[in-house]
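Q: My structure is below; once you've seen it, I'll send some questions.
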């Protein structure tokens, strides 16, 4: 599930754009006159040979000096065709391509299941990284897959099974973002629902309002959250394009070195459910995906992924009993061989400079070898 901003650290250095009040966000990019707007092409960032060599050398040194190997797992949700200020934490095609080029040049990218087996066997190569995506957005198929194939990179997609299909609809958070993008009013008033009012007067105001509404909805009971989303959609009056994978896309990904993992049926906060409902979300998500791709689903990712807040020891045991071989959180850091295989960290460097992006991955690997277990 995507929110417009995930952590305070990821917000550092985020570019902010302002605009006049009153017009919908989608119109904010329109030229002020009738003359066509001319924008210079956005140039991809490059690491350079010296930078790549430095990262490889540093990664090899970390592995040589460490008493245990570590594995970094990077996590995405969707890839955007072009930048979107309300989804600033998600890469567009240009950013995603330089990130994949960097991983291909400076790291050993392995399938996630294979990397865990190599780690357990003491055979993990230095500088190993795995690539994952959450939720099951069709941009993984349409935009990310061609780039992954170009660089011969494997990946894992953790799919929310209840949203697979053209008629399944979009996830609730994306529906909120779409309304916040579309409403022309300078203020969104939800005081009658006890949620206050939200400014729509600028791009930055809309970004913050979308983040606030998403955070508020995240921990609502499902029925109350759906009522909120429907109320917003009635105010917006515009239907968004389908964003999620279809069954055919899922099969295509599976046949192109992209492993399919489970991410529950409907992406609930597991701690908000009773035990029976939580167990259903975990086990049915696995079963439904296995039916679609015709093979076992081995890996699981906890929705939202905050340890102790979004899931707890009960859900860890449910995942284990469901037959998964490993499960992943959204904690920052690298994986080492002595960690609980059902609470493994996953994150993504948010750096916009390639060298810093690679350096942060190496820092996770280095720090993981200094942390007590």
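The values are calculated or read from the model by the stated rules, or taken from the named source; none is laboratory data. Keep in mind it's a predicted model, so treat the numbers as computed, not measured. Quick reminder, even Gly has a Cβ in these numbers, built from the backbone with ideal geometry, and neighbours come from all protein chains shown.
Q: Would you check which residues across region 167-195 are part of a loop (DSSP other than H, G, I, E, B), farther than 27 Å from residue 77 by Cβ and modelled with pLDDT of 90 or more and list them?
A: 186, the sole residue that qualifies.
Q: Next question. Would you mind stating whether residue 278 is without any contact (Cβ under 8 Å) to a residue 60 or more places away in the chain, surrounded by 15 or more Cβ atoms within 10 Å (Cβ to Cβ), part of a strand (DSSP E or B) and not assigned by TED's automatic domain parsing to the domain that holds residue 221?
A: For residue 278, the condition - without any contact (Cβ under 8 Å) to a residue 60 or more places away in the chain, surrounded by 15 or more Cβ atoms within 10 Å (Cβ to Cβ), part of a strand (DSSP E or B) and not assigned by TED's automatic domain parsing to the domain that holds residue 221 - is not met.
Q: Looking at region 219-245, which of its residues are crowded, with 18+ Cβ neighbours inside 10 Å and under 23 Å from residue 164 (Cβ atoms)? Walk me through it before giving the result.
A: So the first thing to find is which residues in region 219-245 are crowded, with 18+ Cβ neighbours inside 10 Å, and the list is 225, 228-229, 232, 236, 243-245.
Result: 225, 229, 243, 244, 245.
Q: Quick check on residue 113: is it surrounded by fewer than 18 Cβ atoms within 10 Å (Cβ to Cβ) and either touching a helix residue (DSSP H, G or I) at 6+ places or on another chain (Cβ under 6 Å) or over 25 Å from residue 224 (Cβ atoms) (or both)? Step through it out loud before you land on a result.
A: On the way: surrounded by fewer than 18 Cβ atoms within 10 Å (Cβ to Cβ): yes; either touching a helix residue (DSSP H, G or I) at 6+ places or on another chain (Cβ under 6 Å) or over 25 Å from residue 224 (Cβ atoms) (or both): yes.
So residue 113 fits the description; yes.
Q: Please specify each residue of region 129-153 satisfying the condition of being part of a strand (DSSP E or B), touching a helix residue (DSSP H, G or I) at 6+ places or on another chain (Cβ under 8 Å) and over 15 Å from residue 357 (Cα atoms).
A: Listed by number, the residues that qualify are 132, 133, 135.
Q: Return yes or no: is residue 139 crowded, with 20+ Cβ neighbours inside 10 Å, within 30 Å of residue 182 (Cα to Cα) and touching a residue at least 60 places away in the same chain (Cβ under 8 Å)? Outline the logic, then answer.
A: Working: crowded, with 20+ Cβ neighbours inside 10 Å: yes; within 30 Å of residue 182 (Cα to Cα): yes; touching a residue at least 60 places away in the same chain (Cβ under 8 Å): yes.
Yes.
Q: So, in region 63-77, of the ones that are farther than 30 Å from residue 137 by Cα and in contact with a strand residue (DSSP E or B) (Cβ under 8 Å, 6 or more places away or on another chain), which residue ends up surrounded by the most Cβ atoms within 10 Å (Cβ to Cβ)?
A: Ranking the qualifying residues of region 63-77, first place goes to 69.
Q: Follow-up. Mind listing whichever residues of region 244-268 are outside any helix (DSSP H, G or I) and touching a strand residue (DSSP E or B) at 6+ places or on another chain (Cβ under 8 Å)?
A: 244, 245, 257, 258, 259, 260, 261, 262, 263, 267, listed by residue number.
Q: Determine whether residue 211 is closer than 20 Å to residue 240 by Cβ, in contact (Cβ under 8 Å) with a residue 12 or more places away in the chain and surrounded by fewer than 16 Cβ atoms within 10 Å (Cβ to Cβ).
A: It is false that residue 211 is closer than 20 Å to residue 240 by Cβ, in contact (Cβ under 8 Å) with a residue 12 or more places away in the chain and surrounded by fewer than 16 Cβ atoms within 10 Å (Cβ to Cβ).
Q: Go through (1) surrounded by fewer than 18 Cβ atoms within 10 Å (Cβ to Cβ); (2) touching a residue at least 12 places away in the same chain (Cβ under 8 Å); (3) over 17 Å from the mean Cα position of the chain (by Cα) one by one and return the number of the condition residue 306 breaks.
A: Going through the list (1) surrounded by fewer than 18 Cβ atoms within 10 Å (Cβ to Cβ); (2) touching a residue at least 12 places away in the same chain (Cβ under 8 Å); (3) over 17 Å from the mean Cα position of the chain (by Cα), residue 306 breaks only (3).
Q: Does residue 115 meet the test of being closer than 21 Å to residue 259 by Cα and either part of a helix (DSSP H, G or I) or modelled with pLDDT of 95 or more (or both)? Outline the logic, then answer.
A: Numbers: closer than 21 Å to residue 259 by Cα: yes; either part of a helix (DSSP H, G or I) or modelled with pLDDT of 95 or more (or both): yes.
Answer is yes for this residue.
Q: Mind telling me which of the residues 333, 285 ends up being surrounded by fewer than 21 Cβ atoms within 10 Å (Cβ to Cβ) and in contact with a helix residue (DSSP H, G or I) (Cβ under 6 Å, 6 or more places away or on another chain)?
A: None of the others qualify; the one that does is 333.
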